[in-house]
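The values are calculated or read from the model by the stated rules, or taken from the named source; none is laboratory data. As the structure is a computational prediction, the values presented were derived from the model and not from experiment. All Cβ positions, glycine included, derive from the backbone under ideal geometry; neighbour counts span all protein chains shown. Surface areas here come from the heavy atoms of the whole protein model, side chains and all, with no ligands, DNA or RNA. Shrake-Rupley method; radii C 1.70, N 1.55, O 1.52, S 1.80 Å.
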Amino acid sequence: MDRRPDQAEQATNGMAVLAKHNVVSEDLAIAALTEYSSQLEDLLLDVPHAFQYFGMLMAATHVQMSRVSEAMGELMTKVDMLKPPTMSIVFAYLKHMAKTNGEESTRINIEETEFDVSQFLCLDHRSETDIKRVLGLQDLLSLFPKYAQVD
């Protein structure tokens, strides 16, 4: 992926076709994504939206919600940062899932898999109020009704 969003969109569309026709299995996709995730931070200077593109790729290759943290590999160890890379990745993943599969289907999948979005957020900002605020800022609150009710 290069710097341009249209190229990222083309790459994700291509991967989606391969995943849809089982040319790329989920296990193979996760292995490749895990390997690729270790290089993401180095790519940021050249590709400022690398984390978002990575999240889009995860969604396009049909990585199940139960395996998102596995696909992120060593990035999951960086949640002690103020804005961990996992946060940008999971938000892009969820947005792409909602765009591709529909918001209702994505919300149901989140509930059925008991997807814990807090594991991708900064360790110091995992209260229900903080999660609600961050999801609201990302326009993702509708996917997590339990946080929408938090005061």
Once you place label points 7 Å from the Cα toward the Cβ at Ser66 and Val23, how far apart are they in nm? 2.8
With R₀ set to 30 angstrom, the calculated FRET efficiency between the beta-carbons of Leu82 and Ala11, to the nearest 0.05, is 0.55
Measuring with a 1.4 Å probe in the full set of protein chains, what accessible area per residue, in whole Å², belongs to the stretch 16-151? 53
A chain fully extended from Ala31 to Asp124 at 0.36 nm per residue, minus the present Cα-Cα distance, gains in nm 30.5 nm
Which label in (1) 29; (2) 21; (3) 15 gives the computed percent of Cα pairs over 28 Å apart: (3)
Could you give the dipole magnitude of the chain about its Cα centre, charging the beta-carbon of Lys and Arg +1 and that of Asp and Glu -1, in debye to the nearest 20? 300
Whole-percent carbon and sulfur contribution to the accessible surface of the stretch 2-151 (1.4 Å, no ligands, DNA or RNA) stands at 51
Compute, for Ser25, the solvent-accessible surface of its heavy atoms (probe 1.4 Å) with the complete set of protein chains present, and express it in square angstrom to the nearest 10. 60
Under the 0.36 nm per residue contour assumption, what length would be gained going from the current alpha-carbon distance of Glu112 and Asp151 to full extension? 11.6 nm
